[in-house]
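Participant: A single structure is presented below for examination.
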Amino acid sequence: MSRFHLDRRTFLRGTGIALALPMLESMRVGGTARAADAADVPKRMLCMNFPLGIHRNFLYPKKTGTDFESTPYLEPLDEFRGQFSIFGGMQHPDVDGGHSATASFLTAAPHPGGSSFKNTISVDQYAAEQIGHLTRYGSLTLSIKGNGGLSWSRDGVMIPADDSPSKVFQRLFMEGSKQEQAQQVARLRDGQSIMDLVRDQAKRVEGKLGKRDKETLDQYFTAVRDLEGRLVKGEDWAKRPKPKVDVKKPNDISDKADFVGRTRLMYDMIYLALQTDSTRLVTVQMAGDASVPPIDGVDEGWHPLSHHGRDPDKLEQLKKIEVEEFKEIANLMGRLRDSNEGDESILDRTSILFGSNLGDANSHHNRNLPIIVAGGGFKHQGHVGYDQAKAPPVCNAFVSMLQNLGLETDEFASSTGTLTELG
């Protein structure tokens, strides 16, 4: 292990560029960990909501416990058994209103569909009040395709969500005047990398690092270059004229119906933001509207398909869409698992909650919500099926996640404690 010490807040800088570095062993004093506190051992939280629900028959196993037989939606997560728990029977008490319950997914504020509804603080912003100062950005509020955000201030005001991966990229990596940032965007379009501007600094730092740190840094730099290429490709497709041929025209990331491509780009941003400790709190409103996703075998709009009326053809199309969502979550979890911070992976330090404010999109009810908690170093129990009448509220999961962040709290909104199944 190298004895070289690198400050935790080191940036590689160029004109209009501030490239944060991932957590390295050389950022520990004397090559050993300091006394553990919130600043030294980053713990993170990522919350995601599927606004059109998740079809339960394709999600939940028949058997509870850790040796359950997989389902179409959980198959992409099979390699993460032992690193996630799926809960059945939970809900937010007094949260109703169908789609309007999206507003209460991370707040649990009652009756969001009511005329006098006023929201309360979301769990990520509650955490940001206490640990947001530890990172460059107190939190990131994201949306895949402009469906509004999940984050709400203590005054019950929605925090605007960013649905543009390129703008998130600029926030993470670009600084300086608008002109300097515009120059860097132009460089990307010309096929150049921001890495070119910090190459000399990067080489000087790498020359002082140990083997593991060099591997971590190489992984990070490769991810940045790959992301740049995908961002530029998306912009180029938007400007490129479509060929006049007798086939269906190709869809690309500029097409908002292509939620898979847009999700993948936004997950790239989340991965880099967490890897560089630019923030420890992220919320994402997932895709879901009436457009027809460019997926083989899907020829109806997503929202109409969510109101399937148990029609077998509609359900099969809906499954194709929702399986893709779980594949992208698995890809993100894999990248977090394969990125280490000291003796742990970023996945072990990141508690992830994904689910929906709808228990059944077909009937618009808000009971028996699909809730999955992954990562975080929890003692995961696989499939946990509660009696719906006796199930703990979803906010118990929030309390467990807040405590996982190191916050001293025993309650949030409608909670009655923690989720004991998470250990």
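Participant: Please verify whether the stretch 141-151 includes one or more residues that are over 15 Å from residue 48 (Cβ atoms) and among the polar types (S, T, N, Q).
Facilitator: The answer is no, given that none of the residues of the stretch 141-151 is over 15 Å from residue 48 (Cβ atoms) and among the polar types (S, T, N, Q).
Participant: Mind checking which pairs have a first residue in the stretch 187-202 that is crowded, with 16+ Cβ neighbours inside 10 Å and a second that is assigned to a loop (DSSP other than H, G, I, E, B), Cβ under 9 Å, 6 or more apart or different chains?
Facilitator: From the stretch 187-202, the pairs are 187/193; 194/16; 197/15; 197/16.
Participant: Spot the failing condition for residue 100; the list is (1) part of a loop (DSSP other than H, G, I, E, B); (2) without any contact (Cβ under 8 Å) to a residue 24 or more places away in the chain; (3) surrounded by fewer than 18 Cβ atoms within 10 Å (Cβ to Cβ), and only one is missed.
Facilitator: Answer for residue 100: the failing condition is (1).
Participant: So which residues in the stretch 72-97 are acidic (Asp, Glu) and either touching a residue at least 24 places away in the same chain (Cβ under 8 Å) or over 24 Å from residue 423 (Cβ atoms) (or both)?
Facilitator: Looking only at the stretch 72-97, we keep the residues that are acidic (Asp, Glu), and these are 75, 78-79, 94, 96.
Listed by number, the residues that qualify are 75, 79, 94, 96.
Participant: So residue 421 fits all but one of (1) within 17 Å of residue 122 (Cα to Cα); (2) part of a helix (DSSP H, G or I); what number is the exception?
Facilitator: (1)
Participant: Would a scan of the stretch 147-157 turn up a residue that is in the same structural domain as residue 355 (by TED's automatic domain parsing), under 25 Å from residue 229 (Cα atoms) and in contact with an Asp or Glu (Cβ under 9 Å, 6 or more places away or on another chain)?
Facilitator: No.
Participant: Filter the stretch 336-379 down to the residues that are of a type outside the set (Val, Ile, Thr) and in contact with a Phe, Trp or Tyr (Cβ under 6 Å, 6 or more places away or on another chain), then identify the one that is farthest from residue 81 (Cα to Cα).
Facilitator: So in the stretch 336-379, the residues of a type outside the set (Val, Ile, Thr) come out as 336-345, 347-349, 351, 353-370, 374-379.
Narrowing further to those that are in contact with a Phe, Trp or Tyr (Cβ under 6 Å, 6 or more places away or on another chain): 356-357, 374.
Numbers: 356: 21, 357: 24, 374: 10 Å.
My answer is 357.
Participant: While we're here: Among the residues in the stretch 309-331, are any part of a strand (DSSP E or B) and more than 20 Å from residue 163 (Cα to Cα)?
Facilitator: No, every residue in the stretch 309-331 fails to be part of a strand (DSSP E or B) and more than 20 Å from residue 163 (Cα to Cα).
Participant: Quick test for you: out of 190, 200, 155, pick the one residue that is under 30 Å from residue 129 (Cα atoms), out of contact with any helix residue (DSSP H, G or I) (no Cβ under 8 Å at 6 or more places or on another chain) and not aliphatic (A, V, I, L, M).
Facilitator: Criteria check complete, one pass: 155.
Participant: Moving on to the next point. What number of residues within the stretch 350-378 satisfy the criterion of being in a loop (DSSP other than H, G, I, E, B) and more than 19 Å from residue 420 (Cα to Cα)?
Facilitator: Taking the stretch 350-378 and keeping what is in a loop (DSSP other than H, G, I, E, B), we get 356-359, 361-364, 366-370, 376-378.
Adding the requirement that they be more than 19 Å from residue 420 (Cα to Cα) leaves 356-359, 361-364, 366-367.
Selection size over the stretch 350-378: 10.
Participant: Also: Name every residue in the stretch 332-345 that is part of a loop (DSSP other than H, G, I, E, B), in contact (Cβ under 8 Å) with a residue 24 or more places away in the chain and farther than 19 Å from residue 265 by Cα, in order of residue number.
Facilitator: The answer is 342, and nothing else.
Participant: Turning to a different aspect of this structure: Out of the residues in the stretch 354-394 that are among the polar types (S, T, N, Q) and under 30 Å from residue 304 (Cα atoms), which is nearest to the chain's Cα centre (by Cα)? It would help to see each step written out before you state the result.
Facilitator: As a first pass, look at the stretch 354-394 and keep what is among the polar types (S, T, N, Q): 356-357, 362-363, 366, 368, 381, 388.
With under 30 Å from residue 304 (Cα atoms) added as a condition, the list becomes 356-357, 362-363, 366, 368, 388.
Numbers: 356: 14, 357: 16, 362: 25, 363: 27, 366: 22, 368: 23, 388: 28 Å.
By that ranking, first place goes to 356.
Participant: If residue 141 passes every condition in (1) surrounded by 15 or more Cβ atoms within 10 Å (Cβ to Cβ); (2) at pLDDT below 95; (3) within 18 Å of residue 287 (Cα to Cα) but one, which one does it miss?
Facilitator: Of everything listed in (1) surrounded by 15 or more Cβ atoms within 10 Å (Cβ to Cβ); (2) at pLDDT below 95; (3) within 18 Å of residue 287 (Cα to Cα), residue 141 misses just condition (2).
The values are calculated or read from the model by the stated rules, or taken from the named source; none is laboratory data. Computed from a predicted structure; not experimentally measured. Because the Cβ atoms are built from the backbone with ideal geometry, glycine has one as well, and the counts that use them run over all protein chains shown.
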